[in-house]
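Below is one structure, written out as C-alpha cells; the observations come after it.
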Amino acid sequence: MKRFFALLAFLLLGFASQAATRPGNDDTILVKLPNQATMTLYVKDKAQLRQMRQYKLDSLLVLLDAYITQAEAAGKNSKSEQITMEFYPAKEQPGKKVPEQIRITVRNQGPGSQNKSADHVDVTLGRVFGVTVDESSNGDNDRVSVRVGALSDSARQAQRKARDEQRANRAVRSNFNIDLGLNTLVNRETPAGGEDFDLRPIGSRYLSLNWHYDIRVGKKGSPFHLITGPELAFNNYMLDKNNQFFDVDGRTIISQNLETPNRELQKSKLAVSSINLPLMPVLDFKNKKGRDAFRIGAGGFVGYRLGSHTKIKYEDGGNTKKDKDRGSYNLADFQYGLQGTIGIRSIDLFAKYNLNDTFKNNRGPQAQTLSFGISLLQ
C-alpha cells in the first residue's frame with residue numbers, strides 16, 4: 001500500500017500544472033507525473049476536482065495511511081473477503097479541514113485467486129469524492145492503479161453490500177417497522193345497563209410504530225435474537241349499528257343515544273393511544289446466501305395508556321358533523337400481555353393478546369384486546 005501513497009503524492013503534486021483533458025471525453029483527465037508515469041482521473045465535473053482544495057494534502061495522506069492500515073489489519077483478522085470501516089475525522093479533529101466521513105472498503109482475493117487484482121481498496125471522502133486502488137502481482141512484476149473521482153457503480157454497490165453485511169453481523173442493531181392490522185375484543189361480558197354490541201371488523205384497526213433493537217444472543221451467525229424497544233400503538237374500537245360509548249355514573253357503557261334515537265351514525269369509535277415495551281425471543285434462520293428465510297418468536301409486553309377519545313360521525317340537516325370527546329372512559333392505564341411473530345422471507349405476521357381487561361374491573365365491558373396483522377418495513 002506504500003506504493004499507493006507514493007503515486008498519490010506524485011499525482012497531487014503534479015496535478016495542477018500537468019493535467020490534460022483527453023479530447024472528446026470531459027470526465028477523463030490524464031496526469032503526467034515527473035517520473036514519466038501517467039495516471040488517469042475519472043471525475044464527474046470540474047467542481048469535483050476543486051473539492052480537494054479544501055483539504056491539507058499532507059495531513060490527509062497521513063490520515064488515510066492510518067485508516068487504511070487499520071482496515072487492512074481488520075481484514076486480515078476477518079474471515080470475510082471484504083471489510084468496510086467508517087471513520088469520522090471531523091469529530092476526532094474539530095476545527096481542522098478534514099472530511100466529515102471517510103469510508104474504506106478492503107477486498108482481498110487471496111494468494112490463490114485467479115484474479116490478478118489481488119488487493120482492492122475503495123476510499124470515499126464524504127459522499128462524492130473517492131479513491132480506488134488496485135494492487136496486483138504477476139510474477140516479479142507488481143502493478144498499482146489508482147482512480148480518483150466519483151466511485152464507479154460497481155464500487156458503490158460493493159460498498160453498499162459491505163455496509164449491509166456489516167450491519168447484519170452487529171450484535172445489536174436497530175430498525176424501524178410498522179405493525180398494521182385489526183382489533184377485536186375477546187372473552188366479552190356486557191355490564192348491566194349496557195347493550196350487547198359488535199365491533200366493525202374493518203373499522204377496528206390497529207397501528208403501531210416500532211423502534212426495535214435486535215440483540216443477537218451468541219456468536220456471529222447465531223439464529224437466537226431478543227427484540228425490544230419502544231412501540232407507539234393506536235387501537236381503534238369501532239362499534240356497529242348506532243351504538244356509542246357513554247360514561248355514565250363512573251361506568252362506561254355501550255348503548256344507543258336515547259336523546260337522538262333516529263340519528264344514523266356513519267362512524268362511532270373509541271380510539272386509544274399507548275406506549276409499549278416488548279421483550280420477545282426470536283429464532284431467525286437464514287438461507288445459504290445469508291438472506292432471510294424463516295422467523296418465529298414469542299414473548300410478552302407491558303404498556304401504558306397515553307390518551308383516549310370517542311368520535312362519532314353523522315348527518316345533520318344535510319351537513320356532515322363529527323363530535324369528539326376526550327376522556328379515560330375507565331380504560332385500564334397499564335396493560336400487559338403476550339405477543340408473537342412468524343415470518344417467511346420478507347413477509348411477517350404478528351399477534352398481540354392483552355392478558356388484563358381493556359376496561360377497569362366492573363367499570364366497563366369486561367373483555368381483552370386481541371390485535372393481529374402484518375409487519376411492514378422489516
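Which condition number does R363 fail, the rest of (1) open to solvent by 20 Å² or more (accessible area, probe 1.4 Å); (2) assigned to a strand (DSSP E or B) being met?
Status for R363: all satisfied but (2).
Please tell me if Y304 is closer than 21 Å to L180 by Cβ and more than 23 Å from the chain's Cα centre (by Cα).
Answer is no for this residue.
Any residue in segment 252-267 that is over 26 Å from L185 (Cα atoms), of a type in the set (V, I, T) and open to solvent by 30 Å² or more (accessible area, probe 1.4 Å)?
Yes - at least one qualifying residue is present in segment 252-267.
Hey, can you tell me all the residues within segment 333-353 that are among the basic types (K, R) and outside any strand (DSSP E or B)?
Listed by number, the list holds a single entry, R345.
Which residue is modelled with the highest pLDDT, if the candidates are limited to segment 88-107 and must be surrounded by fewer than 19 Cβ atoms within 10 Å (Cβ to Cβ) and under 28 Å from the mean Cα position of the chain (by Cα)?
First, pick out the residues of segment 88-107 that are surrounded by fewer than 19 Cβ atoms within 10 Å (Cβ to Cβ): 88, 90-97, 100-101.
Of the ones still in play, those that are also under 28 Å from the mean Cα position of the chain (by Cα) are 88, 90-92, 100-101.
Values: Y88: 78, A90: 72, K91: 75, E92: 73, E100: 71, Q101: 74.
Per the criteria, the residue is Y88.
Which of (1) buried (at least 16 other Cβ atoms within 10 Å of the Cβ); (2) under 16 Å from the mean Cα position of the chain (by Cα); (3) without any contact (Cβ under 8 Å) to a residue 40 or more places away in the chain is the odd one out, the single condition M238 does not satisfy?
Among (1) buried (at least 16 other Cβ atoms within 10 Å of the Cβ); (2) under 16 Å from the mean Cα position of the chain (by Cα); (3) without any contact (Cβ under 8 Å) to a residue 40 or more places away in the chain, M238 violates only (2).
Which members of segment 339-378 meet the condition of being among the small types (G, A, S) and either under 19 Å from R291 (Cβ atoms) or modelled with pLDDT under 90 (or both)?
G343, S346, G364, S375
When you look at S268, is it hydroxyl-bearing (S, T, Y) and over 30 Å from L377 (Cα atoms), yes or no? I'd like the intermediate steps shown before the answer.
Values: hydroxyl-bearing (S, T, Y): yes; over 30 Å from L377 (Cα atoms): yes.
It is true that S268 is hydroxyl-bearing (S, T, Y) and over 30 Å from L377 (Cα atoms).
Being modelled with pLDDT under 95, open to solvent by 60 Å² or more (accessible area, probe 1.4 Å) and assigned to a strand (DSSP E or B) is true for just one of D214, D247. Which residue is that?
Among D214, D247, only D247 is modelled with pLDDT under 95, open to solvent by 60 Å² or more (accessible area, probe 1.4 Å) and assigned to a strand (DSSP E or B).
For (1) surrounded by fewer than 17 Cβ atoms within 10 Å (Cβ to Cβ); (2) modelled with pLDDT of 90 or more; (3) in a loop (DSSP other than H, G, I, E, B), each residue gets a yes or a no:
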| site | (1), (2), (3) |
| --- | --- |
| S274 | no, yes, no |
| M280 | no, yes, no |
| K289 | yes, no, yes |
| R295 | no, yes, no |
| T310 | no, yes, no |
| E315 | yes, no, no |
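The values are calculated or read from the model by the stated rules, or taken from the named source; none is laboratory data. Remember, predicted model here, so these are calculated numbers, not experimental data. Reconstructed Cβ throughout: ideal geometry from the backbone, glycine too, with neighbour counts over all protein chains shown. Protein only, heavy atoms only, side chains kept; ligands, DNA and RNA dropped before computing areas. Shrake-Rupley method; radii C 1.70, N 1.55, O 1.52, S 1.80 Å.
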